[in-house]
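Trainee: Here it is: the structure, laid out below.
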Amino acid sequence: MEVIVFKSIIVTMPIWSKKLPFCISFICKNENNQGMGTCTNNVNSTLIIAAILPGSYEASSKMLTGMIRFAEQNANIEIREYFYRIGSDRNPLTDEDYKELDGALTWIDLTSNWIEEVIAKGLKLVNCSRDLEGYSEIASVGIDIEAFCTTIVDFACTFQPVNFAGVGVNFIKRPHAKMLCSRMVEYAASRHLNVRLFELKGDHPDEKRSRIEDVQNEYELLHFLSSLQTPAFIWCENDFIARMVLNAASFLKLIVPDQITVVGSGDYTIGTNGFPTITTIPRPSEEIGYVAAEVLMNWILTGSRPITDILVPPPALLLRQSTEGDWELLKSIQKAHQLIKEEACDGLTVEAICRRVLLSRVVLTEHFSRVHGISPGAAIKQQKIEHAQQLLVNRDLSIGEISNEVGFSEQAKFSKFFKRHTGLTPREYRNKHCS
């Protein structure tokens with residue numbers, strides 16, 4: 001009998017695009033190490049996949065978007081959504097779920113004790129937090145931490161800081177944060193930077209938002225910032241922590257970015273809500289969700305778990321006020337972003353934005369793209385698509401009414417626009433998400 005061994009997983013990661021054209025193939029070899037080509041299988045029945053994600057985690061929606069996008073491109077996959085609270089002992093899956101599910105896509109850390117129960121049930125799991133690496137029953141997809149650290153530290157070195165500091169939260173309950181922060185300062189030290197690591201105790205500011213504003217009571221953080229030699233470069237494990245650090249720096253009357261420069265992670269909404277806006281390195285959450293779904297489908301079809309962790313490289317830094325200064329220009333960019341959010345569906349054009357923020361199209365496009373990762377024109381289209389998607393799940397509105405609502409005078413033009421950007425017609429999208 002011939003034994004098939006899955007020797008490696010190849011991931012081709014092109015520049016991020018809406019279609020996410022990842023190529024993941026399992027290179028099969030027999031017991032004599034002879035190549036047998038790429039293992040594929042066809043399946044006619046629908047695969048039912050659970051997406052088990054923390055409800056309070058802002059990246060969950062992005063990962064879910066990537067998972068759903070893969071499912072939309074593969075008609076034989078159905079994604080079922082399950083949300084849980086980080087640290088909760090409650091398993092979101094029931095016995096009936098186990099009977100129906102073919103596998104699960106998860107973001108779970110070591111605080112979720114019920115993961116052992118899920119593993120014991122024999123459900124195929126692809127986890128996206130990298131906290132469960134080493135479990136022989138689980139496949140892992142996550143950010144390429146080495147590339148992530150290289151991007152941050154290379155950027156930090158351009159400032160020639162006296163101190164490089166990493167800031168994270170509650171390492172005992174959040175081992176993935178401890179691992180990332182530790183690797184970051186270790187890599188910075190290898191580049192001959194004078195490093196410091198600070199752990200915020202207690203609740204994560206993402207879960208307890210009052211900590212972000214009430215910084216006068218954060219005595220340990222204030223002491224840590226006061227002890228840094230300036231100029232200092234501070235990397236925070238996510239944007240919520242970065243906002244808290246910036247508020248503490250303001251309380252101490254430290255000048256940003258002259259005395260301290262602050263970089264966050266995640267590209268969360270809090271990074272652009274308030275001043276200074278936060279330079280951040282986006283987490284490739286949507287890409288990770290897409291790749292995880294493809295890995296799980298291949299696992300189900302081939303019957304063999306990938307033996308190699310799949311690593312997704314981070315996108316480029318989004319440069320904002322916390323490192324760049326030039327606040328007047330960046331205020332204009334923020335005003336342009338707000339105009340798009342509020343008026344994209346009312347016929348707003350890039351030329352109209354330029355007139356209202358008093359910037360040329362070249363300057364607006366260059367700096368808007370640096371801050372938000374897309375051009376103003378693309379942001380207008382994206383806002384229209386997102387608003388249309390929200391309206392389509394409401395069956396009280398006809399497709400024609402939605403077409404008018406998002407700024408199209410003709411339903412046919414709206415349908416063509418929507419399909420070009422989502423791969424589905426408005427009616428197909430409604431039927432899929434309202435079933």
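The values are calculated or read from the model by the stated rules, or taken from the named source; none is laboratory data. The model shown is predicted, which means the values in this text are computed figures rather than measured ones. Counting neighbours? That spans all protein chains shown, and the Cβs are built from the backbone with ideal geometry, glycine included.
Trainee: Considering each residue of segment 299-324, count those that are surrounded by 14 or more Cβ atoms within 10 Å (Cβ to Cβ) and either among the small types (Gly, Ala, Ser) or touching a Cys at 6+ places or on another chain (Cβ under 9 Å) (or both), and give that number.
Mentor: Here the count works out to 4.
Trainee: Out of all the residues in segment 345-371, which are in a helix (DSSP H, G or I), surrounded by fewer than 21 Cβ atoms within 10 Å (Cβ to Cβ) and in contact (Cβ under 8 Å) with a residue 60 or more places away in the chain?
Mentor: Within segment 345-371, Cys345, Asp346 qualify.
Trainee: Being crowded, with 18+ Cβ neighbours inside 10 Å, more than 25 Å from Glu78 (Cβ to Cβ) and small (Gly, Ala, Ser) narrows it down to one residue among Ser403, Ser398, Ser375; which is it?
Mentor: Ser403
Trainee: Applying the selection to segment 244-272, what residues are farther than 16 Å from Ser60 by Cβ and within 18 Å of the chain's Cα centre (by Cα)?
Mentor: Passing the criteria: Val263, Gly264, Gly271, Thr272.
Trainee: Please list, ordered by first then second residue, the pairs with beta carbon atoms under 6 Å, 6 or more apart or interchain, first in segment 124-144 and touching a residue at least 60 places away in the same chain (Cβ under 8 Å) and surrounded by fewer than 23 Cβ atoms within 10 Å (Cβ to Cβ), second in a loop (DSSP other than H, G, I, E, B) and acidic (Asp, Glu).
Mentor: If the second residue must be in a loop (DSSP other than H, G, I, E, B) and acidic (Asp, Glu), the pairs left are Ser140/Glu133; Ser140/Asp309.
Trainee: Examine segment 138-149 for a residue that is more than 26 Å from Ile281 (Cα to Cα) and modelled with pLDDT under 95, and state whether such a residue exists.
Mentor: yes
Trainee: Checking Asp267 against (1) in a helix (DSSP H, G or I); (2) in contact with a Pro (Cβ under 6 Å, 6 or more places away or on another chain), only one condition comes out false. Which one?
Mentor: That leaves (1) as the condition not met.
Trainee: Then there's this: Determine whether segment 108-119 contains at least one residue that is in a loop (DSSP other than H, G, I, E, B), among the aliphatic types (A, V, I, L, M) and in contact (Cβ under 8 Å) with a residue 60 or more places away in the chain.
Mentor: So far as segment 108-119 goes, yes, one or more of its residues are in a loop (DSSP other than H, G, I, E, B), among the aliphatic types (A, V, I, L, M) and in contact (Cβ under 8 Å) with a residue 60 or more places away in the chain.
Trainee: Between a first residue in segment 171-194 that is of a type in the set (Val, Ile, Thr) and a second residue that is assigned to a helix (DSSP H, G or I), which pairs have beta carbons less than 9 Å apart while being 6 or more apart in sequence or on different chains?
Mentor: As it stands, the answer is Ile172/Lys178, since those pairs meet every condition given.
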